[in-house]
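The values are calculated or read from the model by the stated rules, or taken from the named source; none is laboratory data. This structure is a prediction, so every number in the text was calculated from the model and none was measured. Neighbour counts run over all protein chains shown; Cβ positions are idealised from the backbone, glycine included. Only protein heavy atoms, including side chains, enter the accessible area calculation; ligands, DNA and RNA are left aside. Shrake-Rupley method; radii C 1.70, N 1.55, O 1.52, S 1.80 Å.
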Amino acid sequence: MDIPVLSRWHSKRPPEVLVWVGCAGAFDSRYKKVIQVFVQLLKLAKVSFAILGEEETCTGDPAKRMGNEYLFQIQALNNIKSIKKYGIQKIVASCPHCFNTLKNEYPSLGGKYKVFHHSQYLQHLIKTKRLLISPEKKDSTPVVYHDSCYLGRGNQEYEAPRYLLKSFSKSLKEMRRAKSKGLCCGAGGGQMFKEPEKGHSDIQTERIQEAIQTGAKTISTGCPFCMTMLEDGLKHKEEKNIKVKDLAEWVWENLPQNPNVKV
C-alpha cells in the first residue's frame, strides 16, 4: 500500500501525524481492513502521515488493566523513546484503548503529544473540507452506534462518531443504553484475552439484543475490541442480516471522492 515508515522518512520535517496501527491493526485479519481504509482516507485528504512499523509495540494498556504496571511502563518507555527520535507531535489511533493510554497515561512518563481518535480526526478532515461530502446523497439504511467505553465515558467523546454517521446517514438510531449510559461490549479490563466468568448471559449478547431492537441494519463502532465482541454476539444470535462496520469503513463507503463508490 506504499505506507510511509518513519525509519525511512526522508523529509527534514516530520509527518503531520503518526498513525498508531495498534495490535489489532497489525495482527487481526478483520481490523487490518479498517486500518487500510483509514490510511486510504488520509491519502485522499492529502495528509502527510507515517507509521512506526516494527518500532511500534503495544501501548501497554492490557498489561496495565490486568495489574502489571511494570510491564506497562517498559512498553510505554520503549514507545516514547521511538516517538521522540522522530519529533512526532500528533498521533492518531483507531483503538480507544491506545488513544486513552497515549493521551492520558504517557504524559506522566514523558510522552506528551496531541492525540486523536480516528473519529475525531476524520471529523476534522470533513469540517476543514479536506474530505468532501455530499449531504444530498445520504444513505437511508438504518445505522446504530455503539459507544466504546474508553472513547465515551473515558474521554467524553460522544459527538465525533455521531457527526460522521449523520454526515452520511438519514437514519441514525440509538440504543436504550447509549452515551454516558452505554453498555460495555465485555472486552475491557483484559477480558478480551480470557474466558468470561460464569453468569446468566455474555455482555456482548445482551448488547447485540439492544442493537437488534433498534431495527438498524448496520452497527457502527470505533474500537477493534468492540468490533470483535459485537461480531461474536451476532454469531451467537445467528443474525446474518446485520453488519458491524468501523466508522472509517462507513466514511469510506459513502464518500463521493472514493473511486469505488458510484455517486
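Before moving on, here are some points about what is shown:
- Search result, residues across segment 56-82 that are within 16 Å of residue 18 (Cβ to Cβ) and either surrounded by fewer than 22 Cβ atoms within 10 Å (Cβ to Cβ) or in contact with a His (Cβ under 6 Å, 6 or more places away or on another chain) (or both): 57, 58, 78, 80, 81, 82
- Test: residue in segment 128-146 that is within 24 Å of residue 37 (Cβ to Cβ), crowded, with 17+ Cβ neighbours inside 10 Å and hydroxyl-bearing (Ser, Thr, Tyr): yes
- A count restricted to segment 166-187 and to residues that are of a type in the set (Gly, Ala, Ser) and closer than 29 Å to residue 61 by Cα stands at 5.
- Meets criteria (open to solvent by less than 70 Å² (accessible area, probe 1.4 Å) and at positive phi) for residue 111: no
- From 167, 180, 220, 171, residue being small (Gly, Ala, Ser), open to solvent by 60 Å² or more (accessible area, probe 1.4 Å) and at pLDDT 90 or above: 180
- Counting the residues of segment 24-53 that are open to solvent by 60 Å² or more (accessible area, probe 1.4 Å) and not aromatic (Phe, Trp, Tyr) gives 7.
- From the list 124, 118, 97, the lone residue that is closer than 21 Å to residue 43 by Cα and touching a residue at least 12 places away in the same chain (Cβ under 8 Å) is 118.
- Condition met for residue 262 (under 25 Å from residue 39 (Cα atoms), assigned to a loop (DSSP other than H, G, I, E, B), modelled with pLDDT under 90 and open to solvent by 10 Å² or more (accessible area, probe 1.4 Å)): yes
- If the condition is being outside any loop (DSSP other than H, G, I, E, B) and over 18 Å from the mean Cα position of the chain (by Cα), then segment 125-166 contributes 127, 135, 136, 137, 139.
- Flag for residue 205 being closer than 22 Å to residue 247 by Cα, among the hydroxyl-bearing types (Ser, Thr, Tyr) and modelled with pLDDT under 90: yes
- Applying the set (1) of a type outside the set (S, T, N, Q); (2) open to solvent by 10 Å² or more (accessible area, probe 1.4 Å); (3) not in a strand (DSSP E or B) to residue 211 leaves exactly one unmet item: (2).
- Within segment 208-219, residues that are over 8 Å from residue 175 (Cβ atoms) have Cβ atoms under 7 Å from residues that are open to solvent by 40 Å² or more (accessible area, probe 1.4 Å) and of a type outside the set (D, E, K, R) in these pairs: 217/141; 217/241; 218/141, counting only partners at least 6 apart in sequence or on another chain.
- Of the residues making up segment 223-251, those that are within 18 Å of residue 152 (Cβ to Cβ), assigned to a helix (DSSP H, G or I) and either free of Cβ contacts under 8 Å to residues at least 60 places away in the same chain or open to solvent by less than 20 Å² (accessible area, probe 1.4 Å) (or both) are 224, 226, 227, 229, 230, 247, 248, 250.
- Residue count for segment 167-195 under the criterion of being out of contact with any Phe, Trp or Tyr (no Cβ under 6 Å at 6 or more places or on another chain) and under 21 Å from residue 153 (Cβ atoms): the result is 18.
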